[in-house]
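Undergrad: Supplied in structure tokens, the structure appears directly below.
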Amino acid sequence: MDAATIAINQRMNKFDGHAQVWLFGYGSLIYKADFPYLERRPASIAGWTRRFWQGSHDHRGTPMAPGRVATIVPQAGAVCDGMAYLITPEVFAHLDHREKNGYLRLATDITFDDGSKVEGLVYIANEENAAFLGAAPELDIARQIARSNGPSGPNSEYLLHLASALRELGKSDPHVFAIEQHLAQLKDAPPAAQ
Ligand code: SIN
């Protein structure tokens, strides 16, 4: 499935011939820019909301014990805040590999914080990908995140980095902040009796 996602993304030709493309990041792409970019600007996309509904087999969990990472799902009237990066097309090889566990490139309108707009791309993991986990109560999501680990490190680190990055941007996300709060309470709770 990973290889299939990379191949599908490579066939995405909407921006062929463009020397530069805006990429919108809403998850780890906000706080971990391990790729070259020409410009970085706080931005948002309308009609989408961030959810920890995507399973992670390759970064923050394993195929047997997947972690939970962010994707976005359509929601009328919602606005998802994040970070936009102006990149050159060569960078997509790295991004397609990084996002290979179910994320597909989608063209989207991106609104910068000054109100100006541009068309760009976002990586989305929808319910059709094999790693998709879907909705769950935020406490259960926090419990899964608390116990998950993968090659990129503890799943909790992903959530906590994202929550702090959103705070640094001056943005609020009730879903992310609720999971963060549950995680803190789980950490403080005494271990369950055997
Ligand atoms: C994103 O950050 O925009 C995609 C999901 C992720 O890599 O965490």
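The values are calculated or read from the model by the stated rules, or taken from the named source; none is laboratory data. These numbers come from a predicted model, not from an experiment. Reconstructed Cβ throughout: ideal geometry from the backbone, glycine too, with neighbour counts over all protein chains shown. Heads up: the accessible areas ignore ligands, DNA and RNA and are worked out on the full protein's heavy atoms, side chains in. Shrake-Rupley method; radii C 1.70, N 1.55, O 1.52, S 1.80 Å.
Undergrad: From the list Phe112, Phe132, Phe92, exactly one residue is at pLDDT below 95 and either in contact with a Ser or Thr (Cβ under 8 Å, 6 or more places away or on another chain) or farther than 17 Å from Ile179 by Cα (or both). Which is it?
TA: After ruling out the rest, the residue left standing is Phe92.
Undergrad: How many residues does the stretch 89-131 contain that are without any contact (Cβ under 8 Å) to a residue 12 or more places away in the chain and farther than 29 Å from Gly61 by Cβ?
TA: The number of residues fulfilling the criteria is 5.
Undergrad: Condition first: touching a Leu at 6+ places or on another chain (Cβ under 9 Å), farther than 17 Å from Asp58 by Cα and among the acidic types (Asp, Glu). Can you find one or more residues in the stretch 139-148 that meet it?
TA: no
Undergrad: Still on this model: Tell me which residues, restricted to the stretch 10-31, are near the ligand (Cβ under 8 Å from one of its atoms) and open to solvent by 40 Å² or more (accessible area, probe 1.4 Å).
TA: none
Undergrad: Within the set of pairs 6 or more residues apart or between chains, which connect a residue that is under 22 Å from Ala178 (Cα atoms) and within 14 Å of the ligand (Cβ to nearest atom) inside the stretch 44-67 to a residue that is among the acidic types (Asp, Glu) and part of a strand (DSSP E or B) with Cβ atoms less than 8 Å apart?
TA: Ser44/Asp81; Ile45/Asp109
Undergrad: Moving to a separate point now. Given the conditions (1) farther than 18 Å from His175 by Cα; (2) open to solvent by 60 Å² or more (accessible area, probe 1.4 Å), which single one is not true for Pro74?
TA: Failed condition: (1).
Undergrad: Something else: Go through (1) open to solvent by 60 Å² or more (accessible area, probe 1.4 Å); (2) free of Cβ contacts under 8 Å to residues at least 40 places away in the same chain; (3) under 16 Å from the mean Cα position of the chain (by Cα) and name the single condition Gly170 misses.
TA: The single condition Gly170 does not satisfy is (3).
Undergrad: Determine the pairs where a residue that is farther than 23 Å from Cys80 by Cβ and touching a residue at least 40 places away in the same chain (Cβ under 8 Å), located within the stretch 148-163, has a partner that is assigned to a helix (DSSP H, G or I) and basic (Lys, Arg) with Cβ atoms under 9 Å apart, the partner being 6 or more residues away or on another chain.
TA: From residues that are farther than 23 Å from Cys80 by Cβ and touching a residue at least 40 places away in the same chain (Cβ under 8 Å), there are no pairs.
Undergrad: Right, Leu162: under 16 Å from the mean Cα position of the chain (by Cα) and part of a strand (DSSP E or B) or not?
TA: It is false that Leu162 is under 16 Å from the mean Cα position of the chain (by Cα) and part of a strand (DSSP E or B).
Undergrad: Take the residues in the stretch 90-141 that are part of a strand (DSSP E or B) and open to solvent by 60 Å² or more (accessible area, probe 1.4 Å), then tell me which one is nearest to Gly55 (Cα to Cα).
TA: Of everything passing the filter in the stretch 90-141, Leu106 is nearest to Gly55 (Cα to Cα).
Undergrad: Report yes if some residue within the stretch 126-134 is touching a Phe, Trp or Tyr at 6+ places or on another chain (Cβ under 7 Å), within 12 Å of the ligand (Cβ to nearest atom) and farther than 18 Å from Pro42 by Cα; otherwise report no.
TA: no
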